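The values are calculated or read from the model by the stated rules, or taken from the named source; none is laboratory data. Just so we're clear, the structure is a prediction, and the values are computed from it rather than from any experiment. Here the Cβ positions follow ideal geometry from the backbone for every residue, glycine too, while neighbour counts run over all protein chains shown. The protein model used for the area step is the full one, side chains on, heavy atoms only, and it has no ligands, DNA or RNA in it. Shrake-Rupley method; radii C 1.70, N 1.55, O 1.52, S 1.80 Å.
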Amino acid sequence: MVRPQQRKILMTTQPAVPNVTLNNGVKVPQLGFGVFQVPPEETQRIVEDALEAGYRHIDTAAAYRNEAAVGAAIAASGIPREDIFLTTKLRNGEQGVAQEAFQNSCRELGVDYVDLYLIHWPVPSRNLFAEAWKAMEKLHASGQIRAIGVSNFLADHLEALLQSADVVPAVNQFELHPTFQQSELAAKSRSLGIAVEAYSPLGQGADLDAGAVTSIAGKYGVTPAQVVLAWHLAQGTIVIPKSANSGRMRDNLAAAGFVLTPEEMAGITALEAGARIGSDPAVAAHSQM
Ligand code: A2P
């Protein structure tokens with residue numbers, strides 16, 4: 001049993017998480033907490049634990065079906081809304097009705113604004129993302145969304161979007177971890193002023209066994225997850241690792257205080273193996289999402 005006073009002490013031992021400043025001046029805590037694949041019935045407990053651990057950036061999506069539980073956790077935490085950076089995403093099946101979809105997300109989350117709203121997938125076969133973006137630009141202008149961005153956009157999707165966009169996306173969130181880095185896409189995004197956000201930053205756990213990672217972890221007495229997260233953070237990438245375990249949540253957050261040498265960075269970068277885990281955005285439709 002952890003008494004409140006002890007909890008406070010635990011929290012203050014965590015290193016401060018740096019902010020990344022987006023292209024519209026909005027600041028986002030670089031190390032956030034993702035709830036992809038977190039079952040709705042477990043989400044409230046898990047997000048409450050994450051907030052207790054010190055996370056102040058939560059990433060969900062309408063398609064994860066756990067927005068209501070995320071909102072319940074935020075409300076139960078007593079943390080002021082403005083102290084939490086909250087991201088959610090537009091469902092693929094709702095790109096033609098983005099305004100309504102956004103209002104539904106706000107209702108589910110129990111909030112009157114969202115910090116970052118993303119187009120979840122480009123779904124090029126439906127050719128609706130530019131229309132969805134226009135609706136999101138209106139919501140952004142109205143103040144209901146602090147920053148708008150995209151997810152799973154490849155270079156050609158970014159270029160197509162920019163032909164009609166008035167607002168340059170603030171973020172591109174895509175699969176990025178040592179064995180699947182998409183370095184050209186990251187460079188392209190950054191060259192356009194779009195911040196890179198890594199989902200599955202630990203390769204869903206698969207990249208934690210790599211020798212280049214475990215040897216650094218052993219050398220410094222840190223965990224493999226802290227090594228991988230430090231590698232992301234050093235590149236300016238926003239990360240949203242997921243864990244259902246409060247010890248590992250704290251462990252991951254503490255990566256903010258760990259810095260790798262250039263040689264160690266290069267050793268992890270050399271793990272690139274084209275090992276995609278998720279879907280290929282060039283063809284993914286995920287119409288059920
Ligand atoms: P668990 O939820 O049991 O902690 P990603 O964020 O790349 O999708 O990775 C999430 C996966 O990695 C989950 O299976 C999670 O398991 C595991 N994971 C998260 N943090 C750690 C950690 N610090 N050490 C080991 N595994 C971790």
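What accessible area, in Å² to the nearest ten, does a 1.4 Å probe give for Leu109?
Ignoring ligands and nucleic acids, Leu109 comes out at about 10 Å².
Regarding segment 32-123, what's the average projected area of the Cα-atom convex hull, expressed in nm²?
Dividing the Cα hull surface by four gives the mean projection, 5.4 nm².
Through the Karplus equation 6.51 cos²θ - 1.76 cosθ + 1.60, θ set to phi - 60°, convert the phi angles of segment 242-259 into ³J(HN,Hα) values in whole Hz; use x for Gly and Pro.
Ordered by residue, 3J(HN,Hα) equals 10, 8, 8, 10, 5, x, 5, 4, 5, 4, 5, 5, 5, 4, 4, x, 10, 10 Hz.
Taking the Cα centre of the chain as origin, sum charge times position over the Cβ atoms of Lys and Arg (+1) and Asp and Glu (-1), and report the length of that vector in debye to the nearest 20.
So the magnitude is around 540 debye.
Keeping all protein chains in place and using 1.4 angstrom, which order do Val239, Val17 fall into by accessible surface area, from largest down?
Sorted by accessible area, descending: Val17, Val239.
Keeping all protein chains in the complex and leaving out DNA, RNA and ligands, what accessible area do you get for Glu82 with a 1.4 Å probe, in Å² to the nearest 10?
140 Å²
Which one, Gly78, Phe180, Ile240, projects farthest toward the positive side of the charge dipole computed for the chain from Cβ point charges (K/R +1, D/E -1)?
Value: Gly78.
Using a 10 Å cut-off on Cβ atoms, rank the peptides 184-192, 272-280 from the highest mean neighbour count down.
184-192, 272-280
So for Glu108, Glu67, Glu48, Glu41, what's the accessible-area order with a 1.4 Å probe, most first?
Heavy-atom accessible area, descending, gives Glu41, Glu108, Glu48, Glu67.
Which semi-axes, in whole Å and largest first, does the equivalent ellipsoid of the chain have when worked out from the alpha carbon gyration tensor as the square roots of 5 times its eigenvalues?
Those come to 29, 24, 16 Å.
Would you mind pulling out the separation of the Cα centroids of segment 250-289 and segment 86-154, in Å?
24 Å
For segment 43-137, which trypsin sites (Lys or Arg not before Pro) pass both filters: DSSP loop (anything but H, G, I, E, B) and at most 16 other C-beta atoms within 10 Å?
Arg65, Arg126
Can you find, among Gly278, Gln37, Tyr113, the residue farthest towards the positive end of the dipole of the chain? Put +1 on the C-beta of Lys and Arg, -1 on that of Asp and Glu.
Tyr113
With a 1.4 Å probe and every protein chain left in place, tell me how much accessible area Asp166 has, in Å² to the nearest 10.
Counting only protein heavy atoms, Asp166 exposes about 130 Å² to solvent.
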